[in-house]
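This report concerns only the one structure given below.
The values are calculated or read from the model by the stated rules, or taken from the named source; none is laboratory data. No experiment lies behind these values; they were computed from the predicted model shown. With ideal geometry, Cβ positions are generated from the backbone for all residues, glycine too; neighbour counts draw on all protein chains shown. Side chains are part of the model used for accessible areas, which takes the heavy atoms of the whole protein and leaves out ligands, DNA and RNA. Shrake-Rupley method; radii C 1.70, N 1.55, O 1.52, S 1.80 Å.
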Amino acid sequence: MIDLESDQSSQFEKINSSIDFGIANQNHREYRQMPEKEGEGGFGERKQRSVEISTQLSALRLECEDHGVELVEYQDEGTLARIIELITKDLSEPYSIYTYRYFIHNWPFLCFMAKVDSDIVGAIVCKLDEHKKGSYRGYIAMLAVDKEHRRKKIGSSLVQKAIQTMIDHKCEEVVLETEITNEAALNLYQQLGFVRDKRLLKYYLNGVDAFRLKLWLR
């Protein structure tokens, strides 16, 4: 999870130092138009991984549905306040509204929500950057689930949903940061195949170190 300074300029500097900036808003629709062909680099590995994740996601979705949970893609700013409320509860320091808008306005197709009836009880916010020529790197910026709705596989389902979408857009790896003291998050991501790639000293404003976690998709 990202950790950003309170002013806008510092926020974007931290994002940029954490992971390359990526494609601007006017180009985000192009991500939806990147069909792959057999023989392209990594096609077979991503296809196999996509099948595996689709199978896992189907099982997780059924479990969520048993709890009355539905996963939906972000649609408009009418839900932004609730997303911010959810995520802020789990942060050691708040993010600016500009941070949320940077991610959600540029990559709305990588923002998913978990709903129970009409209430948003979980959310994940991600982005996609060009990593190497013809390939992309996914980044999970924020993930939160309402405490009253945890232990229902909502967090895992949201992450798998985001990864599936990233794979569909030629993503070869996914990265994120989380506090070294956040055992619940570390366990969740490790169960999904992420490994500890690097320790970032005093990464957060509260002085806590972070682990950078990585998932290779090929």
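General remarks:
For every residue, the table says whether it meets (1) assigned to a strand (DSSP E or B); (2) buried (at least 16 other Cβ atoms within 10 Å of the Cβ); (3) among the aromatic types (Phe, Trp, Tyr); (4) in contact (Cβ under 8 Å) with a residue 24 or more places away in the chain.
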residue: Ala123; (1), (2), (3), (4): yes, yes, no, yes
residue: Arg137; (1), (2), (3), (4): yes, yes, no, yes
residue: Leu143; (1), (2), (3), (4): yes, yes, no, yes
residue: Asn187; (1), (2), (3), (4): no, no, no, no
residue: Lys198; (1), (2), (3), (4): yes, no, no, no
residue: Tyr204; (1), (2), (3), (4): no, yes, yes, yes
residue: Phe211; (1), (2), (3), (4): yes, yes, yes, yes
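- Some residue of the range 92-114 being out of contact with any helix residue (DSSP H, G or I) (no Cβ under 9 Å at 6 or more places or on another chain) and modelled with pLDDT under 90: yes
- Of all residues in the range 145-185, those being part of a loop (DSSP other than H, G, I, E, B) and more than 23 Å from Val69 (Cβ to Cβ) number 4.
- Yes/no for Val159 being open to solvent by less than 30 Å² (accessible area, probe 1.4 Å), over 17 Å from Ile84 (Cα atoms) and free of Cβ contacts under 8 Å to residues at least 60 places away in the same chain: yes
- All conditions in (1) open to solvent by less than 20 Å² (accessible area, probe 1.4 Å); (2) under 26 Å from Tyr98 (Cα atoms) hold for Lys147, with the sole exception of (1).
- Qualifying residue in the range 126-135 (condition: of a type in the set (A, V, I, L, M) and crowded, with 23+ Cβ neighbours inside 10 Å): yes
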